[in-house]
């Protein structure tokens, strides 16, 4: 289909038939690509985010790669997102292929289809993107006219459940990898190298690039993973994480795309720190995003000023895994407040650690948004937090919220997890009691109790963390936790609200997080039956996944609820990190030793 014809069909056949058509029109403020750029480029990239426009446009990583790619010589990068169900129905009914948002090119005409894997429950979306684009689902079925399907992002740290659908996987930071890959592909195309031959060449050249279909997986008779075998000479046995060395000065968008419609985060976001010094034992990002790298105060202030003028946003978000650990946070906040408070621009801290630094937050400036304070507490007990290396104690938490209330904060949201190692009923009751204490702390100021929202998520043990050996509790346990917390709310009068994750999704996340290649068949069967946008409550249908497990003969409990022996090999062991397996093992044992509770068997 020619580009003019596709452009016309999108305008005439798709947009009039969908809700919120503005999310499909492209042409946003600060769009980098102009008509003709795609045709002139030597390397054409479709950056596909496997979720809706509202989610994808809020993803900072995609904004960074989009801006960076379009600064590279000979490269054009356009965007694509998952259509909403009504738009998907129109595309399929009328035979319109998935297109790029910028200038409505067929996604299949790209040289590289780059997909960001942020969350396990987007795996069926990946297959849907490929199918809507007309790209064969399985890597083995693709020809020279198909794009290289490349994945990256946090879930690429265990790409095995999607192995048969991916040509290449970038492990680690995307900025440096993007620059190197674009230069290599540009040279290979000039040299006339065919698509199928590019894959082994690239996999041998870059230590951080994994070509899953050039390896075979073996399993023991009991179903556990045995090893991963290279199928050709010169392929690495281990994949090394790509690290962006010049974090201070690496390209960062000061004129990011500004969406036409409301998105999850309507703000200008600045990544002030990459990595985390705390090494919480459940946290995949903290264990893998290493080493810790910082942007200077001067650089952040410069980006904030340029980003403000480049977007017009009235909020600037300072992003990192733990913004409170930024070593010069007080100075940064003071300088931003001095500059932006007169302009009525808010400064937000989306990720705060509750320790002594929290007491200083009220002094950070009038530009800091005070509608609500969000803190990741994780557990309601000091001993459990210490075992998990979560550096929070109740005394600091309560002192901090009292100071915050005095400075004008009106609402507190606490994040907890259930299903933690060695968890007992009193740990669950503690969630309610701690939320009550935080609420009543406002009474010390002569005011009514504060409104507190306790958001409780179900623990999903992740690869490359100390908890990768741990069994996830069964769904019945999480249902009982949910029942108990709601019972406490019914029987006590307090300004406490619970936000509880859906229990039925927790098992599926755990299966996919620590899965192997055999789960690729499950993902396909679920998608074939209609599984889409599984991260959305109104789209998730557990019965489709149950049918997929039954059809493939795979027991989800084998992946989610089984305690792994310490000597068991994992499907992701070939992907290396700065934290050794020996360190993770010692940390896992230490959790249970600190709690005085037995290892699960």
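Estimated from the Cβ-Cβ distance and a Förster radius of 25 angstrom, the FRET efficiency linking residue 407 and residue 594 is about 0.10. In the chain, the DSSP-assigned H stretches of four residues or longer account for a calculated mean residue ellipticity at 222 nm of -10500 deg cm²/dmol, using -39500 (n - 2.57) per stretch and the full residue count as denominator. A full extension of the chain between residue 536 and residue 494 corresponds to an added length of 12.1 nm, given 0.36 nm per residue minus the alpha carbon distance.
For the pair residue 20 and residue 528, label points projected 7 Å from Cα toward Cβ lie 3.2 nm apart.
Run through the DSSP bridge list for the chain and note the antiparallel percent, rounded to the nearest 5.
The antiparallel fraction comes to roughly 20 percent.
Using a 7 Å offset from Cα along Cα-Cβ at residue 39, what residues in region 1-30 end up with backbone N under 17 Å from the label point? 1-9, by backbone N distance to the label point. Projected onto planes of every orientation and averaged, the convex hull of the alpha-carbon atoms in the chain covers 26.8 nm². Report the Cα centroid-to-centroid distance between region 451-519 and region 553-580 in angstrom, as an integer. The two parts, judged by their Cα centres, are 20 Å apart.
How many percent of all Cα-Cα pairs in region 3-230 sit more than 31 Å apart?
Every Cα pair in region 3-230 considered, those over 31 Å come to 19 percent.
Modelled this way, with points 7 Å down the Cα-to-C-beta line, the labels at residue 382 and residue 343 are 4.4 nm from one another.
When all alpha carbon pairs of region 175-220 are counted in 5 Å bins from zero, the resulting P(r) reads 5, 19, 28, 23, 13, 6, 4, 3, 1 %.
Residue 424 versus residue 238, label points 7 Å from Cα toward the beta carbon: distance in nm? With each label placed 7 Å out from Cα toward Cβ, I get 4.0 nm. Length gained on full extension, residue 580 to residue 191: 136.0 nm, using 0.36 nm per residue less the C-alpha separation. Rounded to 0.05, the FRET efficiency of the residue 266 and residue 502 pair, given R0 = 41 Å and the Cβ-Cβ distance, is 0.95. With the cut-off at under 19 Å, measuring from each backbone N in region 277-301 to a point 7 Å along the Cα-to-Cβ line of residue 71 picks out 294-301. For region 484-601, a Kirkwood hydrodynamic radius built from all Cα pairs, placed in the Stokes-Einstein relation at 37 °C and 0.692 mPa s, yields a translational diffusion coefficient of 187 µm²/s. The alpha-carbon atoms of region 22-147 define a convex hull whose volume equals 111 cubic angstrom per residue. Nearest 5 percent is fine: what portion of the DSSP beta bridges confined to region 3-230 is antiparallel? Here the share of antiparallel DSSP bridges comes out near 30 percent. If R0 is taken as 25 Å, the Cβ-Cβ distance between residue 451 and residue 328 corresponds to a FRET efficiency of 0.20. For region 233-283, a Kirkwood hydrodynamic radius built from all Cα pairs, placed in the Stokes-Einstein relation at 20 °C and 1.002 mPa s, yields a translational diffusion coefficient of 138 µm²/s. For the chain, the relative contact order comes to 13 percent (Cα pairs under 8 Å, sequence separation of at least 6).
Taken together, the values in this text are just the output of simple stated rules run on the coordinates, not laboratory data. Since we're looking at a predicted model, the values are computed, not measured. We place every Cβ from the backbone using ideal geometry, glycine too, and count neighbours over all the protein chains shown.
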